[in-house]
Each structure stands twice: as C-alpha cells, then as structure tokens.
Amino acid sequence: MVDTTKNTLVYTTWGPKSAKPVNPITISKLVSKAKRPLLVAGSELMKDEVMLEKAVAIASKGIPVAATGHSIKGFLDKGVEAKYNNIHSLAHFLGDKNWTGLDGKGGYDLILFFGHKKYYLNQVLSGFKNFTDLKTIAIERHFMQNASFSFGNLKPDLHVEALDELIENL
Amino acid sequence: MSNVPKGQISIEELENVHITIGKIVGAIEEKYEKTEAGGMTPKPGVSALRDWDHSLLSRYQPVYTPMCDQCCYCTFGKCDLTGNKEGACGINMEGHQAREFLLRVITGAAAHSGHGRHILHYLTDKYGKDHPIDVGPSNLLAPNIQTVTGIEPKTLGDLEPAIEYVEEQLTQLLATVHMGQEGAAIDFESKALHGGMLDHVGMEISDLAQISCLGMPKSDPEAPLAEIGMGCIDATKPMLLAIGHNVAGVANIIDYMEEKGIADQVELGGLCCTAIDMTRYQMDQGGVPHAKVVGTLAKELKMIRSGIPDVIVVDEQCVRADVLQEASRLSIPVITTNDKIMYGLPNRSNDNVDDIIEDLTSGKEKGALVLDLDLLGELAPRLTLEMSPIRKEKGIKALPNEEELKVLIDKCVQCNACELVCPNNLPIMKAMEIGADGDFTKFEFVHDQCAGCGRCDQACPKEIPVLDVIEKASQKAIMEEKGHIRSGRGQISDPDIRAEGVNLVMGTTPGIIALVGCSNYPDGTKDLYKMADEMLRRNYIVLTSGCSAMDLGMYKDENGETLYEKYPSKFLGGNLINVGSCVSNSHITGTAIKVAAIFAQRNITGNFEETADYIMNRIGAVGVAWGAYSQKAASIGTGCNRYGIPVVVGPHGSKYRRALIGKPYVEEDWKVFDARNGEEMPISASPEFLLTTVETVEELMPMLAKNCIRPSDNNMGRMIKLTHYMELSQKYLGHMPEDWYKFVRSETDLPLAKREELLKILEKDQGWEIDWKRKKILSGPTTKLDVTAQPTNLKRLCKGEC
C-alpha cells in the first residue's frame, strides 16, 4: 500500500478549508460509490507517455473522460473515447444543475482530476469548492489543496505506484 | 462661471500683453454639449452603461475562481467566505470576488492613466497645449476618446478634459470598493467593465501624446526593425539599462547622447515597454532605433544579475520592487525618475550633476531620485561612462564561474523545495540532478520557461542562488537570444480601415488576433511565435503590442527570419502589426471603433453602446494575453470585453479570479434582434466567452478561429472561418470539432472541397434534410444565412422602436 498522505506542504494557502489527503484505496472506493463519476484529464498528460497510459487505464474502467486542453489527441490516438472541453467552461457547466453532461444524461457527482498544471487546477478547484456541492478528487503529483480529496506531494516514482494501486482497485 | 472660450485676450492699454486663457470651468463642457452631442452617453458615469453591461453579463456569466477564501478588507474581519458565505459586512464570496476583480481593473486603468497624466503634463509643458495631435493620415484621431467622452481632440490641450474625466471616474469606482455598500456581484462587474473602458481612454491619451510629440512612427507599416534579446547586448561597452513604461526621461537621455556625440560609446538597452518606446523615439522618418530591447519583465532580474548594466534607470509600472537591492549587490547605481518608484532614495532633483555623479561613483549613495528629466538626460549617460571603468576595476563578479557553478549544483540535496515554490513548478530539481554530470540541457529548458521571479532562491535550504545557477548554466542559449522587433507603428490609419473594413465585417479576412500582454507564459515564449505564425499563414491579421510584441521577435525560421521580417505589416490579412507599447493597446479597440465609424459610417461620438453593439456583432476579433500577469492586462482585457471583444488569457490568468463564459447549450442566450424589423434572430454561440483561460496553444488555436465567427459573416466569410476552425481542430486536437455544424446556416457556409462529405455527415448525424440533386440543405440549421440582416443587441435600434 502506497501512503500518499504524508507530505501536504503548500507554498501559499487559500483559506481555512483544505483538501483531505487520501490514499489510492480510499479514492478507488469513492469513485466506485459515485453514481456519475467523470475523469477530467489535462494536457500535462501529453508531456509524459507513462501518465497518459495511466489516464487511459482509468478511462478503461468505464469512467467517462472530459479531455481538456489538447489531451483529447492523446486519448483518440489510443482509441479511447473522450470529449474535448475547455476546463474553465467545463467547470462553469458542471456547476449548472441544468447541464445535461457530456452524454446528455445529466450531471456528475464526483470529478477526478488528472494531468493538470498545479496552479491552474487549484484555481479551477477553488471555484468548485466555493460555489458547488461537487466532490472533487485530485490524483496529481502535487497536493491540490482546493480539492475535496487529494494525493499529497509525491516523488515521481511514488506517484506512478499510487496510480497503479488506484487503477487496480477501481 | 464665465462662458469665455479658451484662447487669448488682448488688452488695448497694455501693448504686447496677451493673457492666455487655459481653462474656464464650465466653458469646455458647454462647448462639447453644443457641438459634439452625437450619441446618448458622452462621458458616461458609473451607471450610464449599466443596461449594456447587464445584457453582456446575462449571456456571459461571471465564473469565479477565488485566489483566497477570506476577506481581509476591514477590521470587522478577517472573514471566511468559503462556500459563498457572507462576511461580517454582509458581502458574500461572489460579491467579494467581483469586487476584487474590479480592484485589479481600476489598478491597471490607474497605472495607464497615471502614466497618461504624467506624460501629458510633461509634454504639454515642453511643447505647449496647442501642439497638434499627429498620429498619421487619419481624421479620426482618437477613436476611444471620441466614443467614450464625445471629445474630438486636435491638440494636446484637448486631451486634458479627457484625462480629467478618466480620473474622476476612477475615483468614483475606487470609492465603491469601500467595505459594505455594493452587495451585488453583477454591479461590481458592471463597474469593472466601466473601469476597463476608461483604461482604453487613458491609454489612448498617453500614446497620442507621445506619438505626436516624440517623433514616433505614425501608422507606418515600414517602421524600422530594432534588435532584441539578451544576446544582442554588447557587454564590452558601458551599458545603460532603462526599465519601465514611461519613455519621457529616456528620450532626454537619447537627446543628450546624440548632442554630445557619445551615442556610439554607450550601449543603451531597455526592458519592458520603455524599451519598445525607446525604439519608437524619433523613428517617424525611419532610421536606426536609438536603443536595443533586452526583453520583457521575465528578463529583468536575469539582466541585472548578469552584471552587464553599469547604470539602471527606472520609471514606472512593471518594474521589480527589488531592483535597488539587486543592483546594489553588483555596484550598479539606480536612478529613479518617477513618483511611482522612489525606493527610499534621496531626492537629488535639484542638485548639481557633478555632485550626484560623485556620490554614486564613490559608492556613497546606491542611487538617486531624479524627477527633473532634463537633469536625468545628462546624468545617466555621464554616470554610465564613469561607472563602467570603476566596475571593471573593482572586478565586479555577477554570475558564478564554471568551478563555482559545479560546487553550487553539487550542494543540491534534491529536496524539491524550489520546484514547489516555482510559479510554473519547473523541473529545477531534475536540472540540478543531470547538471551535476555536466549536462545543462535541462537548465536551458528551465531558463526558457522561467519568468525570472527568484522565488527559488529564497526557498533553497542550502542557500543555493538557484536563478544564478540556471542563468550561468544557460549562457550558451542566452548568447543565442537575438532577434528583431518592428518598432510600434501606432494607430491603424483611416485609409487602412477603408481598404480592409469590408473584409473584416464580411469575414473574408477571417479575423483579427491581438496578441498582447505580459510574459508569464505557461510553457515558454515560443508558444506565442507558433500561434502567430499559424494564424498569419491562415490570413488572419495579427496585431501585437508590449511584451508579446517583444517575444514574437525572439525566434527565427529556417531562413533566419523573425516573424517581423517574414510577414509584412500593413493592415491586411496575413500581416503582423506591432502597434507599440502597453498604452498602444488602445489602438486595438480603436481599430474596431474605426471600422464602425469609417466603414459603417456609424456615429461613434459619445455613443459607446451603439459602437460596442456594432463591434460585437460584426467584427471577428479575439484578444490573447497569453502571459498575462499584471493588473493592467486585466484592465486592457476588460476594456475589450465592454466592446464585446472576447479575450483569452493563459492558465495563469485564472488567478484574475473571474472569467465571463457563456453556455452554448442554453438557446435563449444566443439571440439578437434584426434591426430591420425587431424580430429575434438566433445566432451561433460565438464568441462563446468574453474572458476565459486556455490550457495550451494547441487548444487555443482552434478556439481563436471559432471565436472569430460573427452573425454578420457572409457565406464566403463563414466558409473561410469554419474551414480554419475545422482544420485547426483536426491539426491540434486530432478531431473534427463536435459543434462545427452549429455554425452552418446553409450549404454555402461549408468548405467547398468538403461540401459533399460534410452534407452527408449532417444528414446522417444531425438528421438534416438534404436535396442531393442540388446539394442544398432543406432543413436543419438553427441559424439563418441572411446577409441583409442587421444583428443588434439593442432593441431601440430596431425599426419602429425609435
């Protein structure tokens, strides 16, 4: 079992409410319990083939993918269905109870974030934290304090291990 | 007060005595009321354009991403607003975020307008208030000023009431930021839009004044090229470095050096917009620019730490707060020249030049505040010539040598602290790791992406001067940083608009992409080059200014040409136009206003709402501030937004706290009136935002093409725009965009070469009815192609409403 909760050091804080650091197994349980989970995959995946493979593996567990930035190219190249979305627009739509989702079947109750720039994702998550009831989970290499749940700060090899454990338990 | 107009009075009994009347309260206002009452809102107050703003904000809703969950404004607090809670004064998170955004906008607007006030006073004192405004072959000299205030300035003196209006309104806006009071986010947003609009007036005042007085290029497509890059600086010469945004003082330095014949003895370089304006100074007749451009703010700390400058002169705005400390470490005297930056230095404005030089060369003082710009003109170059040998003799050492570099790299314990504090989380730890084996490629990568903030230095537990290590290890790459930038040409002229306006409104020139703003890029400077090159090849007009204009000149193609050499700079499709420095951004909105005024013959005078309505529905323009960091970038973008011009910022722009994004799936939001009959007319969802962030340039490029689509496009224009949108999506995102069919109004909107294939898709996937014999769409589109339609958001402009 990988412990992904040890290092939650941050450079600056947003405020009193911060993400709960969690282990991969906890995340897998949260995702499994969700009625409508969504993987929001970012363009940083395009810089690292290993990370892209992990995202593809998560998607292959039946979690729909909103591909932000130009990450859609990575998914389509690997034959994985994904829908392009600008992350800022997507965040706006996710907060709208009248939005019918990527497939027209309704909104989502749990959002998993992977492959994003740290500072950018923290801003997007700040919007979720303050203006929606959505559960957000970050499985990035850095602690994302504005998510509901997040991995702590991880060295690259430990991050890969944690992702493998998460995928295995999904 | 008196009704006497400004002018001169002769008193008969006093021979040869004239009394000049500068201004009589009431007289000027009356003049404009009488002669220039064109539109409905000359000099609009804070609430005058509220209806327009609310209509914009109902389609483009504010999306808040707080930078901080607390409010620390007053002694009621601090208050935790997490989850949109209310604080002690009653404001909730939404309202507080809108207020915070407003504060950024008026800070930016005040920076430009403060600059405008300073340079206008300075130039009026020097050249007189009757000095004509001369910005090139145009009758419409001041599109922003005229649209907003109703004033049609002809002289420097005419700019005075315009800057007074801006100052008064900014004070009113600042007053609304006080605790309590406004509680509705939407009205803070309206005020922010007001502040943005004011910013473009303030910027225009600044640039019109300096173009008219300082011999800057006047709508000149052949404005000369200047050298740019850290690698172009001749470090063997005494070097004078100017940093900031206000060229008034440096103009005097150039004059002094020319007059004394010492220009070739001093290497004059600049950072930020002062640098751009130095290359514009006295270039209206062509020639070789008097200075070189080092680069953007991202190069500021790097350039100082290089130890090359012998003297630094700062003026205002984007200047690091620690220039004096950094420079002092390397025995570089700093001269501050403006009230906005004084660094605690003694005021030497009334002292003798020789005395000041003595105090600075001896090291008695680290710098001087010199507000007398004539004094500065002599002081700075003389001091540079004297400091250079002194610093050489002292053996001032800036960056570590190669042995020291190795020792520093070996000290790294791979703790990751530098990466954690780095604004871009750059892989510094990895660079240190492989750098220990003498491989500096990762350092060069980090150098290119590094915004030069220096936070890594402060985080290192081993006290490694991380930025110095990055810079030393990247020396080879830095020496190669040489390019060219075209001096800012100023306005787009009236004849330019007459020639190209129709193509813009019909869409046959697919759009204007304005690359503006600062250097806080997500993935290095080259992205900007890639974006501009792609859009220029596709015949978009690319306008640029400020730091973006600089970074575009930093790369060369396989033929050794920068974009400025590769592409012409007329106001035509496929042309790259540098309008100038930060304050020249007003010429970008000014261009759109000119299309409304000159091509469409709209009355723009004091007529903001109708002008903006025209621009929003007809001119396919998108602003991009890819590396936006400053408050000024927020105000520039917000000013564009009030005109209905969408703006994209890079991912760091999410820290501005709010975006304005529409919901394409809410059909009700995407309707306008047809002014011919007042009927509602559905439109495609473009622009789909007024302000948003984008992750990568690959995502950005198709988004630019899509958001240049406008209701007024004729079929040829829509076909061209749609072709670019589809091609760019396929090229950079690897797929056909899902919403492409929503922009199809008839078969003639479809790219000719793919028409049949696309008609099949429309029939199969969207269930549209196709007449295959005539290859015609019979039913399906939700928007209609009608080139005679008059799209407007203003019901009162519809026939029968007035």
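The values are calculated or read from the model by the stated rules, or taken from the named source; none is laboratory data. Every value quoted in this text rests on a predicted model; they were computed, and no experiment measured them. Counting neighbours? That spans all protein chains shown, and the Cβs are built from the backbone with ideal geometry, glycine included. Please note that ligands, DNA and RNA were not included when accessible areas were found on the heavy atoms of the full protein model with its side chains. Shrake-Rupley method; radii C 1.70, N 1.55, O 1.52, S 1.80 Å.
Kindly indicate whether A:Asp3 is more than 11 Å from chain B (Cβ to nearest Cβ), without any contact (Cβ under 8 Å) to a residue 40 or more places away in the chain and over 24 Å from B:Pro522 (Cβ atoms). Yes: the conditions hold for A:Asp3. Between A:Leu125, A:Leu102, A:Leu110, the distinction of being open to solvent by less than 20 Å² (accessible area, probe 1.4 Å), touching a Lys or Arg at 6+ places or on another chain (Cβ under 7 Å) and within 27 Å of B:Asp739 (Cα to Cα) belongs to A:Leu110 only.
Of the residues making up region B:401-433, those that are surrounded by fewer than 19 Cβ atoms within 10 Å (Cβ to Cβ), more than 11 Å from chain A (Cβ to nearest Cβ) and outside any helix (DSSP H, G or I) are B:Asn401, B:Val413. Determine the pairs where a residue that is away from chain A (no Cβ under 14 Å), located within region B:724-748, has a partner that is buried (at least 16 other Cβ atoms within 10 Å of the Cβ) and of a type in the set (Phe, Trp, Tyr) with Cβ atoms under 9 Å apart, the partner being 6 or more residues away or on another chain. So the pair list comes out as B:His724/B:Tyr540; B:Tyr741/B:Trp768; B:Phe743/B:Tyr725; B:Val744/B:Trp768. Got at least one residue in region B:26-34 being assigned to a loop (DSSP other than H, G, I, E, B), modelled with pLDDT under 95 and exposed (fewer than 13 other Cβ atoms within 10 Å of the Cβ)? So far as region B:26-34 goes, yes, one or more of its residues are assigned to a loop (DSSP other than H, G, I, E, B), modelled with pLDDT under 95 and exposed (fewer than 13 other Cβ atoms within 10 Å of the Cβ).
Considering region B:512-565, and only residues there that are in a loop (DSSP other than H, G, I, E, B) and of a type in the set (Ser, Thr, Tyr), the residue that is nearest to the chain's Cα centre (by Cα) turns out to be B:Tyr521.
Taken as a whole, the structure leaves B:Gly553 outside the set of residues that are over 27 Å from B:His447 (Cα atoms) and buried (at least 24 other Cβ atoms within 10 Å of the Cβ).
Against the condition of a type in the set (S, T, N, Q), within 23 Å of B:Ser219 (Cα to Cα) and outside the structural domain of B:Phe608 (by TED's automatic domain parsing), how does B:Thr155 come out, does it pass? Yes: the conditions hold for B:Thr155.
The residue that is nearest to B:Ile661 (Cα to Cα), counting only those in region A:91-109 that are within 12 Å of another protein chain (Cβ to nearest Cβ) and of a type in the set (Gly, Ala, Ser), is A:Ala91. Looking across region A:60-90, the residues that are touching a residue at least 12 places away in the same chain (Cβ under 8 Å), part of a helix (DSSP H, G or I), facing another protein chain (nearest Cβ under 7 Å) and closer than 20 Å to B:Ile661 by Cβ come down to A:Ile72, A:Ile87, A:His88. When region B:776-802 is filtered for residues that are at pLDDT 95 or above and on the phi > 0 side of the Ramachandran plot, only B:Gly780 remains.
Residues are listed down the side, and each one gets a yes or a no for (1) within 16 Å of B:His131 (Cα to Cα); (2) touching a residue at least 12 places away in the same chain (Cβ under 8 Å); (3) open to solvent by 10 Å² or more (accessible area, probe 1.4 Å); (4) assigned to a helix (DSSP H, G or I):
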residue: B:Leu159; (1), (2), (3), (4): yes, yes, no, yes
residue: B:Gln172; (1), (2), (3), (4): no, yes, yes, yes
residue: B:His200; (1), (2), (3), (4): no, yes, no, yes
residue: B:Leu208; (1), (2), (3), (4): yes, yes, no, yes
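As a summary of the residue check, B:Glu698 satisfies the conditions (1) open to solvent by 40 Å² or more (accessible area, probe 1.4 Å); (2) of a type in the set (D, E, K, R); (3) within 9 Å of chain A (Cβ to nearest Cβ); (4) not in a helix (DSSP H, G or I) except for the one numbered (4).
The set of residues in region B:653-666 that are in contact (Cβ under 8 Å) with a residue 60 or more places away in the chain and open to solvent by 10 Å² or more (accessible area, probe 1.4 Å) comprises B:Lys655, B:Tyr656, B:Arg657, B:Lys663, B:Pro664. Among the residues of region B:48-63, those that are part of a loop (DSSP other than H, G, I, E, B) and in contact (Cβ under 8 Å) with a residue 40 or more places away in the chain comprise B:Leu49, B:Tyr60.
If you filter region A:113-143 down to residues that are among the small types (Gly, Ala, Ser) and in contact with a helix residue (DSSP H, G or I) (Cβ under 8 Å, 6 or more places away or on another chain), you find that the one that is nearest to the other protein chains (Cβ to nearest Cβ) is A:Gly127.
A:Leu94 - would you say it is in contact with a Leu (Cβ under 8 Å, 6 or more places away or on another chain), within 28 Å of A:Gln145 (Cβ to Cβ) and of a type outside the set (Phe, Trp, Tyr)? Against the criterion (in contact with a Leu (Cβ under 8 Å, 6 or more places away or on another chain), within 28 Å of A:Gln145 (Cβ to Cβ) and of a type outside the set (Phe, Trp, Tyr)), A:Leu94 qualifies.
Within the set B:Gly77, B:Gly83, B:Gly87, the sole residue that is over 29 Å from B:Tyr165 (Cβ atoms) and at the interface with chain A (Cβ under 10 Å from one of its Cβ atoms) turns out to be B:Gly83.
Among the residues of region A:10-22, is any crowded, with 19+ Cβ neighbours inside 10 Å and away from chain B (no Cβ under 14 Å)? Within region A:10-22, one or more residues are crowded, with 19+ Cβ neighbours inside 10 Å and away from chain B (no Cβ under 14 Å). For region A:36-58, the set of residues classified as away from chain B (no Cβ under 12 Å), over 16 Å from A:Gly101 (Cβ atoms) and buried (at least 17 other Cβ atoms within 10 Å of the Cβ) consists of A:Met51, A:Leu52, A:Lys54, A:Ala55, A:Val56, A:Ile58, listed by residue number. Here B:Pro568 meets the list (1) surrounded by 24 or more Cβ atoms within 10 Å (Cβ to Cβ); (2) out of contact with any Ser or Thr (no Cβ under 9 Å at 6 or more places or on another chain) almost entirely, failing just condition (1).
Going by the structure shown, is B:Gly95 small (Gly, Ala, Ser) and within 14 Å of another protein chain (Cβ to nearest Cβ)? Spelling it out, B:Gly95 is indeed small (Gly, Ala, Ser) and within 14 Å of another protein chain (Cβ to nearest Cβ).
B:Met479 passes every criterion in (1) at pLDDT 95 or above; (2) surrounded by fewer than 24 Cβ atoms within 10 Å (Cβ to Cβ); (3) over 21 Å from B:Val583 (Cα atoms) apart from (1). Being open to solvent by 30 Å² or more (accessible area, probe 1.4 Å) and away from chain A (no Cβ under 14 Å) is a property that holds for B:Ile720. When B:Tyr127 is tested against the conditions (1) within 14 Å of chain A (Cβ to nearest Cβ); (2) within 25 Å of B:Gln285 (Cβ to Cβ), the lone failure is (1).
If I filter region B:485-522 down to residues being out of contact with any Lys or Arg (no Cβ under 9 Å at 6 or more places or on another chain) and farther than 30 Å from B:Asn714 by Cα, which single residue comes out as surrounded by the most Cβ atoms within 10 Å (Cβ to Cβ)? Among those residues, the one meeting the criterion is B:Ile485.
Among the residues of region B:666-686, the ones that are touching a helix residue (DSSP H, G or I) at 6+ places or on another chain (Cβ under 8 Å) and either outside any loop (DSSP other than H, G, I, E, B) or within 12 Å of chain A (Cβ to nearest Cβ) (or both) come to 5 in all. Filtered by the rule that a residue be outside any loop (DSSP other than H, G, I, E, B), among the polar types (S, T, N, Q) and open to solvent by 10 Å² or more (accessible area, probe 1.4 Å), region A:128-170 gives a lone residue, A:Asn169.
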